[in-house]
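Some notes on the structure that comes next.
The values are calculated or read from the model by the stated rules, or taken from the named source; none is laboratory data. For clarity, every value in this text was computed on a predicted model and none was experimentally measured. Positions of Cβ are backbone-derived with ideal geometry, glycine not excepted, and every protein chain shown enters the neighbour counts.
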Amino acid sequence: MLNQGIGSWPARRARKTPDRIAVVYDGRTWTYGELHGRVLRLAHALRALGVARGDRIAYLGPNHPTFLETLFAAGTLGAAFVPLNTRLTAPELAFNLADSGSTVLVHAPGHAEAARAAAVEARVHHRVVLAGPAEDGALGYEELLADAATGPLDEAVAPEDPCMIMYTSGTTGRPKGAVLSHANITWNSVNVLVDTDLAHDEVTLVVAPLFHTGSLNMTCLPTLLKGGRVILLGAFDAERVLELIEDLRVTYMFGVPTMYDAMAALPRWETADLSSLRTLNCGGAPVPARTIAAYLDRGLAFSQGYGMTEASPGVLFLDRDQTAAKAGSAGVPHFFTDTRVVLPDGREAGPGERGEILVQGPHVMTGYWRRPEATEDAFSGEDDGRDGADAGTDAGTGGRWLRTGDIARLDEDGYAYIVDRVKDMFVSGGENVYPAEVEDAFLTHPGVAECAVIGVPDPVWGEVGRAVVVLRPGAGADEDELLRHLRGRLAKYKIPKSLVLTGELPRTASGKIVKAAVRDAYANGPDVRPRA
C-alpha cells in the first residue's frame, strides 16, 4: 500500500480478519470488513467535497462509530483529523476550527446549534450532520455514504505526515493544537501493545470521551490495531459500565479517577461480576491511594500511567504485576520511550528529589500547529547528539527533550511518582508545597469526595494553602475536622490555612480539575474562612 498511515488500518485489518467484530455500539456490531467499507465510502464522499491531502477535517460529538470512520477516512485521504471537545462553547469551537483551518465539520445532531454558529464564524466550507434532517446548509452523513463510490483508494501517506491535531485542554490561556503524525500514533500504539499485552480477543470498553487522547490513543486505536473488539459508550454512567462489563465480558478499559471512584461507590460494587477484566488503566490525574486500594481489594489488576497530549500520550506505565508493590507510582517509561527527571538547574534528580519530567521518543508530537515559538518553548534547548531520524522523532524537534511541566520523584528502582504540575506548586515560607500531595491526604478522610488545593497570598508566608472540598453525600464533617485530619499526616507548612466547602469542582471533559477556574472562584471571597 502507498498509505503508510493509520488511514490504512481498516483495509489492512479487513484483509486479515474481515469477519471479526471491530466495533460495538448501542447493541449493534460492525465487522472489520464493514468498517473498512464505510470508511472507504466516506473517504470518497469527502474527496468529492474537495477534501485533499493536507486538509483538516473536524469532528464534534460523543463516542460513536462515526468518530472512528471520520478519523480513518481523513487518514485515507492524507488529511488531518481534528477531534473537538463537546463541552466547548460555540466561540471556543470556532477558535479551534479557525486555528486548525478545518474545511469540513462532522457533528452529532445534539450539537447542531453550536456547530452551526462555530462553522459560520470559522468559515468552514461544509458541515455534515450525523443524523436527522440535513438543514441550514448541512449535509446528511448517511446520505453522503449512500451516494459515494466504493472503489479502491490508496493515497500516498508518509509516517511523518500529520495524522491528527489534538487541542490541549486550555486550562490556562488559549488551547494549542498538538500535531501528532501517523508515526507518533503508531509508535504509541506499539508501546501499548508491548506494555499492556493486548490480545487479539481483547474486549475494550471505551467510555471516556474519544476526543480525550487517553481514551482514543491508549485504548481504542491499539485495540483496533491488534484486531480486538471496541465497545463504545456515548457517555459515562457508572451503573451502565458495570452492566457492560458483566454482559459483554469486558477485558480492558481506561478511565480517570472520578470514573473509577463512581463505580466503586455503587451499592452493587462488591457483588458485580468483574472476573473478565484483565487490565484497568487509569490516567488523566494522579490516582488517590484510596482508589487504588478499592480496586486492589477486589483483586483487580489496577494499573496507572502518566501521559500528555503532546506525547500521543503514553509516557510512563505501571505494569499490573507492580500494582501492589509500587502503589501510587506512574511506573517506568514505555518500551520505546525515554524520560529524565531534572532539577531547575538542569541536573539529573537523584532518588527522592523532585524535578520536571522530560520525555523523548518516536511518539512525541512534531510540534504545535502553526505555533513555532510555542513549539520551541516546549522543547529543552539540549539534545542527546542524535539527529531526528536516528532519535525516532520528527526532524523538526531533533533529539531534544519535550518539557512536560510536571513534577515527579523517582524511587531507588527508577519508578516515578507524579507530584504535581510545575504551575500548581506554590512556595510557603520558603518551602515548596505540592497541592496533589495535600489533596491526596484530604482524600483519606471518609467524608471527602473531591478536593482541590490552591496557593493564595499571605502577608507573612508569601503564599499559603486553601482547600476547596466536596463532601460525600450525607457526610457531616466541618472545616475544623477536615483540617485536623491532616495533622500528623503532613508537615505543618503543607496544611492549608483556610478551607471552603462546595458542591462541585470545575472539571474538563476528560475529568481533570481546572485549577485556574478554582483559583478564580475561591482565591478571594466572603465565603472563605481564614484559619490560624
Report task. Determine the pairs where a residue that is closer than 9 Å to VAL206 by Cα, located within the range 225-236, has a partner that is among the hydroxyl-bearing types (Ser, Thr, Tyr) with Cβ atoms under 7 Å apart, the partner being 6 or more residues away or on another chain. Result -> VAL230/THR204; VAL230/THR223; ILE231/THR204; LEU232/TYR25
Query raised in the report: How many residues are more than 19 Å from the chain's Cα centre (by Cα) and over 16 Å from LEU402 (Cβ atoms) if we restrict to the range 329-372?
Result: 13
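To keep it simple, each residue is scored yes or no on (1) under 24 Å from ILE292 (Cβ atoms); (2) assigned by TED's automatic domain parsing to the domain that holds THR258.
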| position | (1), (2) |
| --- | --- |
| ARG400 | no, yes |
| THR444 | yes, no |
| ALA449 | yes, no |
| GLY455 | no, no |
Query raised in the report: Which condition number in (1) at pLDDT 95 or above; (2) within 25 Å of THR186 (Cα to Cα) is the one that ALA330 fails?
Result: (1)
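Would you tally the residues in the range 445-459 being part of a loop (DSSP other than H, G, I, E, B) and free of Cβ contacts under 8 Å to residues at least 24 places away in the same chain?
Adding up the residues that qualify gives 1.
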Report task. Would you confirm whether any residue within the range 401-414 is assigned to a strand (DSSP E or B), buried (at least 22 other Cβ atoms within 10 Å of the Cβ) and among the acidic types (Asp, Glu)? Result -> yes
Query raised in the report: Are any of the residues in the range 20-31 of a type in the set (D, E, K, R) and either in a helix (DSSP H, G or I) or under 14 Å from VAL157 (Cβ atoms) (or both)?
Result: no
Report summary line: Counted residues in the range 460-490 being in a loop (DSSP other than H, G, I, E, B) and at pLDDT 90 or above come to 8
Query raised in the report: Restricting attention to the range 149-166, does a residue exist that is within 19 Å of PHE67 (Cα to Cα), assigned to a helix (DSSP H, G or I) and in contact (Cβ under 8 Å) with a residue 12 or more places away in the chain?
Result: no
Query raised in the report: Any idea which residue in the range 179-196 is farthest from the chain's Cα centre (by Cα), counting only those that are within 13 Å of PHE335 (Cα to Cα) and among the hydroxyl-bearing types (Ser, Thr, Tyr)?
Result: THR196
**Report entry** THR271 assigned by TED's automatic domain parsing to the domain that holds ALA416 and in contact with a helix residue (DSSP H, G or I) (Cβ under 9 Å, 6 or more places away or on another chain)
**Finding:** no
Report task. Of the numbered conditions (1) in a loop (DSSP other than H, G, I, E, B); (2) over 19 Å from the mean Cα position of the chain (by Cα), PRO62 fails exactly one; give the number of that condition. Result -> (2)
**Report entry** the range 388-413, residues that are under 24 Å from the mean Cα position of the chain (by Cα), at pLDDT 85 or above and either more than 30 Å from ALA158 (Cα to Cα) or polar (S, T, N, Q) (or both)
**Finding:** THR404, GLY405, ASP406, ILE407, ALA408, ARG409, LEU410
Query raised in the report: Looking at this structure, is ALA43 in contact with a Ser or Thr (Cβ under 6 Å, 6 or more places away or on another chain), closer than 23 Å to ALA158 by Cα and outside any strand (DSSP E or B)?
Result: yes
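Each row is one residue, and each column tells you yes or no for (1) farther than 19 Å from VAL82 by Cα; (2) of a type in the set (Ser, Thr, Tyr); (3) at pLDDT 95 or above; (4) out of contact with any helix residue (DSSP H, G or I) (no Cβ under 8 Å at 6 or more places or on another chain).
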| residue | (1), (2), (3), (4) |
| --- | --- |
| ALA14 | yes, no, yes, no |
| PRO18 | yes, no, yes, no |
| HIS36 | yes, no, yes, no |
| GLY50 | no, no, yes, yes |
| ARG53 | no, no, yes, no |
| ALA58 | no, no, yes, no |
Query raised in the report: Which of (1) crowded, with 22+ Cβ neighbours inside 10 Å; (2) closer than 15 Å to ASN188 by Cα does PRO362 not meet, given it meets every other one?
Result: (1)
Report summary line: Note: among VAL106, VAL129, just one is over 23 Å from the mean Cα position of the chain (by Cα) and surrounded by 21 or more Cβ atoms within 10 Å (Cβ to Cβ), namely VAL129
Query raised in the report: For ALA416, all conditions in the list (1) under 24 Å from the mean Cα position of the chain (by Cα); (2) modelled with pLDDT under 95; (3) not hydroxyl-bearing (Ser, Thr, Tyr) hold save one; what is the number of the exception?
Result: (2)
**Report entry** So LEU501, is it over 29 Å from GLY331 (Cβ atoms) and outside the structural domain of ARG87 (by TED's automatic domain parsing)
**Finding:** yes
Query - Options ALA265, ALA301: the member that is surrounded by 16 or more Cβ atoms within 10 Å (Cβ to Cβ) and closer than 18 Å to GLU246 by Cβ - result: ALA301
Query raised in the report: If we scan the range 179-191, do we find a residue that is among the small types (Gly, Ala, Ser), farther than 24 Å from LEU318 by Cβ, out of contact with any helix residue (DSSP H, G or I) (no Cβ under 6 Å at 6 or more places or on another chain) and surrounded by 24 or more Cβ atoms within 10 Å (Cβ to Cβ)?
Result: yes
